[in-house]
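Quick one: this structure, given as structure tokens, is what I'll be asking you about.
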Amino acid sequence: MKTVLDFEQFTPPALNERLLRRELEKRTRRRRTVLLAVAGALFQAVFLLLGLLCWNALPALSLACIGFAIVSTVGSGVITIVYTQKGGAPYGRVF
């Protein structure tokens with residue numbers, strides 16, 4: 001196994017409760033963010049399916065639902081791009 005720090009050369013980093021709690025809080029925030037993104041995607045899918053199911057009966061409502069789903073998807077994509085460009089946390093490893 002490759003060691004990250006050479007303890008013979010330097011003193012090991014101090015590990016205290018505050019650092020451990022901060023790391024736990026970061027992981028919790030990351031999980032919540034991913035769950036929120038999944039919930040948003042499901043919410044958009046529900047509106048899209050609702051629009052498709054009501055197409056024959058209520059065309060105006062269908063267009064509104066599909067339009068809302070498209071605008072919401074585009075908005076989520078823009079927010080994601082801006083967040084990652086501004087130096088947000090990388091979410092390659094979620095859990």
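Ordered by packing density, taken as the mean number of other Cβ atoms within 10 Å over each peptide's residues, highest first, how do 58-68, 26-36 rank?
58-68, 26-36
While we're on this one: Could you work out the relative contact order of region 23-70? I mean the mean sequence separation of Cα pairs under 8 Å and 6+ apart, divided by the number of residues, in percent.
30 percent
How do the peptides 38-48, 72-82 rank, highest first, by the average count of neighbouring beta carbon atoms within 10 Å per residue?
38-48, 72-82
Moving on to the next point. When the accessible area of region 26-72 is split by element with a 1.4 Å probe, what percent falls to carbon and sulfur?
77 percent
Assuming 0.36 nm per residue, please report the length gained on full extension of the stretch VAL74 to THR11 beyond their Cα-Cα distance.
17.7 nm is the gain from fully extending VAL74 to THR11.
The values are calculated or read from the model by the stated rules, or taken from the named source; none is laboratory data. All of these numbers come straight from a predicted model, not from anything done at the bench. Cβ atoms come from the backbone with ideal geometry, glycine included; neighbour counts cover every protein chain shown. All accessible areas refer to the heavy atoms of the entire protein, side chains included, with ligands and DNA or RNA removed. Shrake-Rupley method; radii C 1.70, N 1.55, O 1.52, S 1.80 Å.
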